[in-house]
Structure formats: structure tokens, C-alpha cells
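Structure first, then comments.
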Amino acid sequence: MKNKFIFVIVLLTMLGLKASAAESPAPSFERIYENREIPSWFNEDKFGIFVVWGVYSVPSFYEGGYSEWYWHLLGTSPANREFHERVYGPDFTYEQFAPQFKAELWDPDFWCKLFKESGAKYVVTTANYHDGFAMYPTAYSKTQNAGAWNSMEVGPKRDLIGELNVAGEKLGLKMGLYYSLYEWYHPKWLSDPADFATNWFHPKFKEVVSRYKPWHIFLDGDWEKGKEVWQTEELARWLYDESPVKDTVVVNDRWAGGDSRGYFGDVFESEYGNGKYTTPAHPWQEDRGIGKSYAYNRAESVYDYESRDELLQTFSSIVGGGGNFLLSIGPRADGIIPSLMQERLLQIGAWLKINGEAIYGTTASPFWPRTYGWGTMSQKPGKLYLHIYKDDLGQLLLHDFGGTVKKAELLHKKGRVPVEFEKNGEQLSLSWPNYLNDSGVTIIALDVQGEIARNTIPVQHENGQLEFNCQAMQIHGEKAYVNYRGYRNQLGIQDWNDSMEFVTAEYIITKPGKYKLSIIYACGDKRRDSGAAHINGAGSEYVLSTAGSTFTETVVGTKYSNDYQLFELGEVEFTAAGKYHLEVKPKENGVWKNFAFQGIKLDPIK
């Protein structure tokens with residue numbers, strides 16, 4: 001009798017567990033991110049260093065872009081193939097570079113000292129790039145022609161991630177990881193991507209996260225497959241619910257190509273977009289190199305590198321849009337960071353020592369999406385920071401300013417300098433001696449009270465130009481939506497297939513006259529990066545109306561669905577200064593398929 005009783009209890013318990021499991025919904029990005037809040041440290045820290053370093057640092061060559069793609073480029077770039085065969089020989093494989101990746105001069109303590117002095121708060125290092133080479137000891141170590149494919153067994157014979165993390169943590173840096181989902185020439189990836197995802201990518205990812213406990217995970221290499229193959233919804237559930245970093249980790253949106261980019265992630269990534277295509281409505285991060293490559297590229301010269309002033313203005317514009325800046329440096333194969341890169345980091349750090357209060361812990365300009373030719377703004381409670389890019393500017397007039405200014409000061413290496421200001425209605429004028437200006441970015445700090453921005457619609461710049469995109473527009477409809485894919489200029493309205501939907505915007509002209517009007521859009525039947533099919537909108541007919549002028553046009557095809565180009569429409573005349581209305585809609589009873597519309601541009605006709 002006792003045994004029967006126990007059996008019944010066990011049976012009921014098992015049935016209860018099965019019922020509970022059946023009721024528990026499968027993980028989905030929608031449910032995972034529905035109420036998730038990003039850990040506060042990320043938006044406060046603002047500046048990180050991206051270390052792109054690996055086997056590709058040995059050949060370190062590509063004329064015109066990312067040298068870390070060297071292995072892949074051997075099959076796609078005739079110039080890289082010619083270089084490779086001339087220098088290394090036609091039979092030399094990429095895997096043979098690994099023993100030459102020795103890191104013999106690498107000093108992780110020096111690296112982290114440099115990162116600390118740059119003003120960076122977090123560091124992201126390539127743990128597993130697209131070539132699959134692991135920068136740490138792992139059993140998941142294999143590629144096309146190599147069974148030992150990690151830094152402990154070949155090349156440096158060191159745990160590069162582990163040693164760098166120890167050095168960074170001693171200085172209070174938050175250490176993170178870059179991880180590529182796919183591995184170009186792994187046998188499993190080439191033969192069965194789904195099996196690769198489940199039995200290689202997932203356990204390898206869990207291993208590196210559990211061992212090194214990253215603050216930030218930069219996912220990449222996701223674009224060739226969607227969530228059904230990658231099964232990353234389940235991986236995200238593990239990361240946020242069970243992993244040792246579940247309460248502190250920040251992850252970008254590169255979980256599953258088009259199924260996640262710009263939709264799901266703690267932070268949306270922008271790659272060489274320079275903050276022009278993002279929105280502060282969701283945390284985001286700009287990542288880019290000092291030059292045109294992330295990794296060290298011997299084909300780049302000093303003219304390919306951004307100057308100190310250009311980098312500061314890029315950094316400032318990112319912060320003005322509410323983003324973080326992840327700046328990449330590419331060490332050489334021997335572990336030395338090129339001197340010019342070191343100099344740029346120290347120059348940023350010196351500027352931050354004076355102006356850091358306008359960066360760390362700030363949020364986007366209260367006037368966003370309005371932009372200015374003279375610079376941008378950032379804010380925090382009780383403070384507004386004007387970021388001035390013109391080193392000869394000594395006075396400024398802000399329109400639609402609703403707040404009360406208590407004090408204005410220019411931040412200078414010799415101390416804070418008072419700035420004269422006067423408020424007249426909703427106009428704020430400021431003046432200061434321009435010889436105090438920084439050659440890159442000058443910061444004027446205002447102590448403010450009340451609502452600052454009374455109007456945020458785009459306004460014409462001082463040079464007469466005006467350009468704004470769909471982030472500053474309104475879609476009238478339920479199906480079309482704005483999406484930024486996180487790569488360069490790939491922002492546009494997606495799924496605009498319904499001919500009843502349309503787009504409107506308002507903008508302000510301050511200088512009446514004649515202007516050349518251009519429109520920006522893309523139109524193709526497949527994507528440039530993944531080759532994914534797309535509705536080709538070529539031949540769609542639209543009507544653009546503004547300032548009393550109407551243009552009836554036909555969409556012209558571009559090579560790819562994300563190949564955004566500028567098309568001139570004609571001339572528009574503004575007879576008076578003021579606010580104007582823009583409308584873009586499908587032509588009534590016309591042909592309509594799709595329209596990846598991005599924005600408009602006005603140039604003064606002289």
C-alpha cells in the first residue's frame with residue numbers, strides 16, 4: 001500500500017512537471033526584450049575601446065576596407081589574391097599564418113593603461129572572429145585545414161582574453177567580448193549550418209561567457225541566417241536567465257540577421273554610420289575604426305586615419321544622438337598598437353579630462369532630431385552642453401529655447417570661463433572670445449531650469465542646406481515602419497507595400513530662395529550583404545509635395561535593396577521663411593510595389 005501511494009505521488013508530480021513545461025512558452029525575442037531594461041552602466045560609460053586582433057593581423061592587408069576579412073577576400077578580391085600569391089605564394093593557406101601570430105611584444109598591462117588614459121570605460125576584444133580562431137583555450141577549435149585553432153595551442157601559446165581581462169580589471173575597466181556566430185570555413189558551417197549552430201556555436205559561446213564573464217557582448221556574423229537556424233532566442237534566454245552575467249551584461253542586436261537587427265537587443269549597433277541614422281528612442285552604439293579598417297591594415301596611410309579633431313567631432317555627434325562610441329584599434333601581430341593609434345587615444349583622453357562632464361552620463365540633445373551645422377548638444381539633469389565644432393565661432397543664437405539659463409561657462413584647460421548670454425523670448429544668444437575654442441570640439445556648459453526644447457522639427461543649417469531622414473518623419477499607416485540595419489547608411493522605410501499609406505514631415509526654412517530638391521532611397525530585389533530576397537519597388541509611382549511644388553516620379557532601381565542613393569527631383573522655391581510641410585505618397589491609381597524611402601535633401605541654388 002505504501003509503495004502504491006509513493007507511485008501515485010511520483011506519477012502526479014511528473015504529470016505536473018510536464019503540464020508546467022507545456023504551459024511555459026518557448027523563448028522569443030519579443031518576450032525576452034518586452035520588459036528588459038538595459039543595465040545602467042552602459043549609457044553612463046559612453047566610451048569603449050574595440051580591440052580587433054587575430055591571425056588576420058599577420059598579413060594585415062586590404063586596399064579599401066576591412067583587413068580582418070583577409071581570408072574571405074582571398075576568394076572574392078582579385079587584388080588581395082594577387083597580393084597573397086606575390087608575397088606568400090599560391091599554395092600558402094590562411095591557416096599557415098597562425099604560427100606567425102606570436103604576440104611576442106604584447107604587454108596587456110600597457111594596453112590597459114593606454115585604454116584607461118584614453119578615457120574609455122569598457123573594452124571589447126575579438127574572442128572569436130569570422131575565421132573561427134579562438135583567442136583563448138578551448139576544445140571547440142577547428143577549421144578547414146587545422147585542428148588546433150586557438151591562441152593557446154598555436155601562435156602566442158597564451159590565453160589572450162584571460163590575460164587582458166586581468167590587466168583591465170586591475171584598472172577598473174569593464175571587459176567585454178566580440179563573438180562571431182558563424183565561422184567562414186568550419187566544416188560543420190559549410191555542410192550543415194543548423195548543426196553548426198546547435199552543436200558548435202551554442203556550446204562554444206556558453207563556454208566563453210561562463211569563463212570570462214563579459215560586461216558587454218558584441219555579436220556579429222549573423223546575417224546569413226535567421227533565428228530558426230541560429231536558435232538564438234533560446235541562447236538569449238540562457239544568457240539573461242541563467243548565465244553568470246545575467247544581471248550586468250549588455251548585448252547588441254546581432255542575434256539573427258534580419259530577425260533581430262534594429263529590433264531586438266539591449267543596444268542597437270551602428271557600423272560606420274557616425275550617428276546619422278539612429279534614434280535615441282533605444283540605446284545604441286557606434287562602432288568604427290580610426291581608419292577604414294577595424295584591424296591593423298598595412299595598406300592604410302596617415303591619410304586614411306581620422307585626425308584628432310575629426311574623431312572628437314564623431315564622438316560628440318554620437319553622444320548628441322544619445323549613443324555610445326566603441327572605437328576600434330588594430331594591434332600588429334606582435335602585440336604592438338601602432339603609435340598613431342596610441343596618439344589618437346591619448347588625444348581623446350586629454351580632451352575628456354577637460355570636457356568629460358559633457359559626455360559621461362549624458363543623454364541626447366533635447367532638440368533631436370533637429371541638427372545644427374555648428375555642432376550638437378548633450379544634457380543631464382540641470383545641465384545643457386553645447387558642442388561647438390567651428391573653432392572660429394564666437395557667438396550663437398538658439399531658437400525655440402524654452403528653459404531658463406542660470407549660468408554659462410566654456411570648459412577650458414585653464415579653467416571654466418564665463419560666457420555671456422541673453423534670453424529674449426524663445427531665443428537664447430551666447431557670445432565668448434573664440435580664441436578660447438578647441439580646434440575640434442568646444443564645450444559650453446549651461447546651468448538650466450525648465451523645459452529646454454519648444455520645437456524639435458528639422459531646421460535649415462547656416463550654409464542653407466537641409467537634410468533629414470525618415471527618423472524625423474511620420475508614417476500614416478499600420479504596416480510600413482522605419483528600420484536601421486546597423487550598417488553605414490542602411491536606414492529606410494520597410495514594408496511600404498500598401499498604396500494607402502503615406503509619409504509626412506515638417507521643417508523650417510530660414511533663408512528663402514531657390515533650392516535643388518533630392519530624394520534618397522534604395523530599390524532592389526536582394527540585399528547586398530546576405531542576398532536575401534526583397535520586393536523590388538522599381539516602377540512604383542509616387543508623388544512628393546512641398547512648398548507649393550509637386551513632383552510625380554517613378555522609382556528607379558538600384559543594384560541592391562539596401563543600396564541607398566540620392567536622386568535629384570528638381571527645383572523648389574521658398575518665398576518666405578517659416579515652417580513647411582512635406583508629403584510623400586503613392587500616386588493615386590498608379591503602380592505601387594514597395595518603396596525603401598530614406599529622406600530628402602535641399603541644396604541652395606546660387
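Name the residues in region 519-542 that are in a strand (DSSP E or B), open to solvent by 20 Å² or more (accessible area, probe 1.4 Å) and either touching a Pro at 6+ places or on another chain (Cβ under 6 Å) or modelled with pLDDT of 75 or more (or both), would you?
If the condition is that a residue be in a strand (DSSP E or B), open to solvent by 20 Å² or more (accessible area, probe 1.4 Å) and either touching a Pro at 6+ places or on another chain (Cβ under 6 Å) or modelled with pLDDT of 75 or more (or both), then 526, 541 are the ones that fit.
Conditions first: (1) within 28 Å of residue 174 (Cα to Cα); (2) without any contact (Cβ under 8 Å) to a residue 60 or more places away in the chain; (3) in the same structural domain as residue 332 (by the TED database). Residue 40 passes all but one, so which condition is the exception?
(3)
Of the conditions (1) surrounded by fewer than 16 Cβ atoms within 10 Å (Cβ to Cβ); (2) touching a residue at least 40 places away in the same chain (Cβ under 8 Å); (3) within 27 Å of the chain's Cα centre (by Cα), residue 514 fails just one. Which one is it?
(3)
How about region 482-511: which of its residues are open to solvent by 40 Å² or more (accessible area, probe 1.4 Å) and assigned to a strand (DSSP E or B)?
482, 487, 502, 506
Output the residues belonging to region 543-562 that are part of a loop (DSSP other than H, G, I, E, B), open to solvent by 30 Å² or more (accessible area, probe 1.4 Å) and more than 16 Å from residue 505 (Cα to Cα).
556, 557, 559, 560
Got a number for residues in region 278-299 being of a type outside the set (Phe, Trp, Tyr), open to solvent by less than 30 Å² (accessible area, probe 1.4 Å), within 21 Å of residue 79 (Cβ to Cβ) and assigned to a loop (DSSP other than H, G, I, E, B)?
Selection size over region 278-299: 4.
Filter region 581-591 down to the residues that are open to solvent by 40 Å² or more (accessible area, probe 1.4 Å) and either more than 12 Å from residue 550 (Cβ to Cβ) or part of a strand (DSSP E or B) (or both) and list them by number.
Within region 581-591, 581, 583, 585, 588, 589, 591 meet the criteria.
Does residue 465 fit the bill of being in contact (Cβ under 8 Å) with a residue 12 or more places away in the chain, out of contact with any Cys (no Cβ under 6 Å at 6 or more places or on another chain) and open to solvent by 20 Å² or more (accessible area, probe 1.4 Å)?
Yes; evaluated as a whole, the condition is true for this residue.
Residue by residue, here is whether (1) among the acidic types (Asp, Glu); (2) buried (at least 21 other Cβ atoms within 10 Å of the Cβ) holds:
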{"position": "210", "(1), (2)": "no, no"}
{"position": "231", "(1), (2)": "no, no"}
{"position": "248", "(1), (2)": "no, no"}
{"position": "251", "(1), (2)": "no, yes"}
{"position": "258", "(1), (2)": "no, no"}
{"position": "266", "(1), (2)": "yes, yes"}
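List the residue pairs whose Cβ atoms are under 8 Å apart, where the first residue sits in region 207-225 and is small (Gly, Ala, Ser), the second is open to solvent by 20 Å² or more (accessible area, probe 1.4 Å) and outside any strand (DSSP E or B), and the two are 6 or more positions apart or on different chains.
Between residues of region 207-225 that are small (Gly, Ala, Ser) and residues that are open to solvent by 20 Å² or more (accessible area, probe 1.4 Å) and outside any strand (DSSP E or B), the close pairs are 210/244.
Out of curiosity, is residue 399 surrounded by fewer than 16 Cβ atoms within 10 Å (Cβ to Cβ) and either of a type outside the set (Lys, Arg) or out of contact with any strand residue (DSSP E or B) (no Cβ under 9 Å at 6 or more places or on another chain) (or both)?
Yes: the conditions hold for residue 399.
The values are calculated or read from the model by the stated rules, or taken from the named source; none is laboratory data. As the structure is a prediction and not an experimental result, all values here were calculated from the model. Please note: Cβ atoms are built from the backbone with ideal geometry, for glycine as well, and neighbour counts cover all protein chains shown. Surface accessibility is based on the protein's heavy atoms, side chains included, excluding ligands, DNA and RNA. Shrake-Rupley method; radii C 1.70, N 1.55, O 1.52, S 1.80 Å.
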